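Remarks on the structure that follows.
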Amino acid sequence: MFSFGPQIMDEGVRFRLWAPLQPAVWIIIGDRPPCEMLAEPGGWFTFLSGDARHGSLYRFVLADGQEIPDPASRYQPDDVHGPSEVVDGSRYSWVDGAWRGRPWSETILYEMHIGTFTQAGTLAAATQRLDHLERLGVTAIQLMPVNDFPGRRGWGYDGVLPYALDSSYGRPEDLKAFIDAAHQRRISVFLDVVYNHFGPEGNYLPSYVPLFNRHHKTPWGQAINYDDEDSDLVRRFVVENALYWLEEFRADGLRFDAVHAIKDESGEHLLAHMARTIRRATRGRHCHLIVENEDNAASLLERDEDGKPLLYTAQWNDDIHHALHRAASGEAFGYYADYSTSPSVVARAIAEGFIYQGETMPYKGAARGQPSDHLPPTAFVAFIQNHDQVGNRARGDRLHKITPQPALEAIASVYLLCPQVPMIFMGEEWKSEADFPYFCDFNDELNATVRKGRREELHRLPGFDEEGADTLPDPTDETTFLSAKLDWNRREQLGHREFLELYRHLITVRRAHIVPLLDTMRSGGHIGSSRQLIDVHWDLGEGRKLRLIANLSHAPVATDLPQSGSLIWRTQQAGDLLPPWYVCWTLEDEPLAPERQVAQ
């Protein structure tokens, strides 16, 4: 039983609120008069109602008369400022009760934003599209945050009620039905969780909880209190939240947003405590924990002697994205300035995960990262698009709009067949024409602040053009949100259909030829000596190697590199000159197999 939120019992519903900064707290259930809650040791207030039940609405009242929702509310039918609703999670009947998840090595991720994945923008509508993902060949869905955020639209990273499903997406049982339906198709579901900050609207916690630590700062202001006085229950609040999604909703894993902004100087860092607690609680099933970490801390990704993660399973690998993006698009603006198109640099991201492993970034002028070449490739999630890398462009334009088709196909065949775990951003597989700009829906005052701040920031973002500055999308306008909805009808149109088939085929090749090799790779790849080509191989034991040779440039390159073994995939035929955007994957030191031309 969880410490936070209403507890449904035989004798009724027990309401609990931790409010150590308040002398007294009342509760209003439905339209009844307020009832004073019982003060208990440690700053807790409780109230047992024999009349409350599933569906009952309630709200707490602080000593100054302020009405607040339950910080551990399971559902907010009227958004973050409205009353909370009692939800009996045991009422949902699971279909696939035997599901225990899939091994990480089989993972092919698909990042999804529920609000823009379909025109309806609901979990029920997204469930109807799961057959597309099954046919595509993905084995795991990564949902952008679904917990309650203010307004009717947003990316989800400004949430304020971490236990409540955002009502614009549906009810809690809709999320369970979505996950249940995915499991029936042998597709895992991961949830994105945010424990580095709370959003700017609807966060009532500071009124009654020591939520912030004045000694630490983050990009969003004061850090959450994970290591100061009364931090034990703040830590428990977020750890139990992670377990709530994994146990109540049977999610297969979590992606932790921007963990570098989680400040903790206690004896055991929250991240270590979080991972160890989850691994104990989910023993006996496949549960995968992914981090986003700007610091590139390889220490979070270490393995035990059997190759199993000690803490976190993998990290989103921005370095491989930046290297492949710059090679294909030619953009050197903003943060891409620190990423060279040199074959050896790109090869390092493919072979070892991080490009910067303690070295100083020339434009930022700061050291970054830890050595990562000892880690297995599956400790990294590779991608050429995601919500950040598309949405944090000035216009939110997708990669195919700024990249030649041959270059796009080349880097797709690199990352989808790379031993790192690939992640597709929704609609990428058919070159969706829908952009993915940043959008939000705060109150009028905050909307004005966001509009002004975003405009000031745009000139520093990739894709900014001074001449078109007046036509850039307004993040607070509903039309910006609507423009991000996927254009499903285009899937079967000329140019889109062929690209979709390419992705399906690459995924089929990966599942047949790459996935079976991954468990034998205990460390990173090895970079060849070529200065003009990407030449990387991974040892498979007994003299066998997986090898990548690629020319990610606009010009043909002469080569004397031997190409032998069994062909897995190549973009085109080659002779002494490797043509532009040439990619070839082989298994070497095996009898030469009959040549198979898979794609032109």
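Read the figures in this text as sums done on the coordinates, not as results from a lab. The shown structure was predicted, so the numbers you read here are calculated from the model rather than taken from an experiment. So basically every Cβ, Gly included, is an ideal-geometry build from the backbone, and we count neighbours across all protein chains shown.
Here are the numbers for this structure:
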{"read-out": "Test item: Cα-centred dipole of region 1-47, Lys/Arg +1 and Asp/Glu -1 on Cβ, debye", "value": "120 debye"}
{"read-out": "Summed residue charge, Cβ within 9 Å of residue 118's Cβ, Lys/Arg positive, Asp/Glu negative", "value": "+2"}
{"read-out": "At 1.306 mPa s and 10 °C, Stokes diffusion of region 7-88 via Kirkwood alpha-carbon radius, µm² per second", "value": "125 µm²/s"}
{"read-out": "Trypsin sites (Lys or Arg not before Pro) within region 112-201, DSSP loop, no more than 16 other Cβ atoms inside 10 Å", "value": "129, 152, 185, 186"}
{"read-out": "Environment charge at residue 65 (Cβ cut-off 14 Å; Lys +1, Arg +1, Asp -1, Glu -1)", "value": "-2"}
{"read-out": "Under Karplus coefficients 6.51, -1.76 and 1.60, residue-wise ³J(HN,Hα) of region 524-535 in Hz, glycine/proline x", "value": "x, x, 10, 9, x, 8, 5, 8, 9, 10, 7, 9"}
{"read-out": "Prolate/oblate/rounded call for region 406-511, Cα gyration tensor, a/c under 1.5 rounded", "value": "prolate"}
{"read-out": "FRET efficiency estimate (nearest 0.05) - Cβ-Cβ, residue 14 to residue 63, R0 22 angstrom", "value": "0.50"}
{"read-out": "Chain lengthening between residue 131 and residue 470 when straightened (0.36 nm per residue, less Cα-Cα)", "value": "118.0 nm"}
{"read-out": "Equivalent-ellipsoid semi-axes of region 522-588, from the Cα gyration tensor, Å, largest first", "value": "21, 13, 10"}
{"read-out": "Top positive-direction residue, dipole computed over region 7-88 with Cβ charges, set 26, 41, 73", "value": "41"}
{"read-out": "Whole-number D in µm² s⁻¹ for region 449-564, Kirkwood Cα-pair radius fed into Stokes-Einstein, 4 °C, 1.567 mPa s", "value": "66 µm²/s"}
{"read-out": "Nearest-20 debye value, the chain charge dipole, Cβ charges on Lys, Arg, Asp, Glu", "value": "1280 debye"}
{"read-out": "Förster radius 35 Å - calculated FRET efficiency between residue 95 and residue 364, Cβ distance, rounded to 0.05", "value": "0.10"}
{"read-out": "Student exercise, region 307-414 dipole from Lys, Arg, Asp, Glu Cβ charges, in Debye to nearest 20", "value": "200 debye"}
{"read-out": "Region 122-128 - phi-based ³J(HN,Hα) in whole Hz, Karplus 6.51/-1.76/1.60, Gly and Pro as x", "value": "10, 5, 4, 5, 5, 4, 5"}
{"read-out": "Estimated 222 nm signal from helices in the chain, with DSSP H stretches of n ≥ 4 weighted -39500 (n - 2.57), rounded to 500", "value": "-6500 deg cm²/dmol"}
{"read-out": "Residue 479 paired with residue 342, simple spin-label distance in nm, labels 7 Å along Cα-to-beta-carbon", "value": "4.7 nm"}
{"read-out": "Ellipsoid equivalent to region 218-284 - semi-axes via the Cα gyration tensor, in Å", "value": "22, 13, 11"}
{"read-out": "Estimated FRET transfer efficiency (residue 31, residue 81; beta-carbon r; R0 22 Å; 0.05)", "value": "0.80"}
{"read-out": "Residue-span extension gain [residue 124 to residue 310] - 0.36 nm each, minus C-alpha spacing", "value": "63.4 nm"}
{"read-out": "Globularity index of the chain, i.e. its alpha-carbon radius of gyration over 2.2 N^0.38 Å", "value": "1.00"}
{"read-out": "Mean separation of Cα contacts under 8 Å (6+ apart) over length of region 376-426, as relative contact order %", "value": "61 percent"}
{"read-out": "Sequence-separation-based contact order of region 522-588, relative, with Cα cut under 8 Å and 6+ spacing, percent", "value": "31 percent"}
{"read-out": "Neighbourhood charge, 15 Å Cβ-Cβ cut-off, centred on residue 18 and excluding it, Lys, Arg +1 and Asp, Glu -1", "value": "-2"}
{"read-out": "Inter-site label distance for residue 448 and residue 532 at 7 Å from Cα along Cβ, in nm", "value": "6.1 nm"}
{"read-out": "Whole-number percent relative contact order across the chain, with pairs defined as alpha carbons under 8 Å at least 6 apart", "value": "11 percent"}
{"read-out": "Amide hydrogen neighbours beyond the local backbone of residue 151, cut-off 5 Å, H modeled", "value": "80"}
{"read-out": "In Å, descending, principal axis extents of the Cα set of region 274-324", "value": "38, 20, 17"}
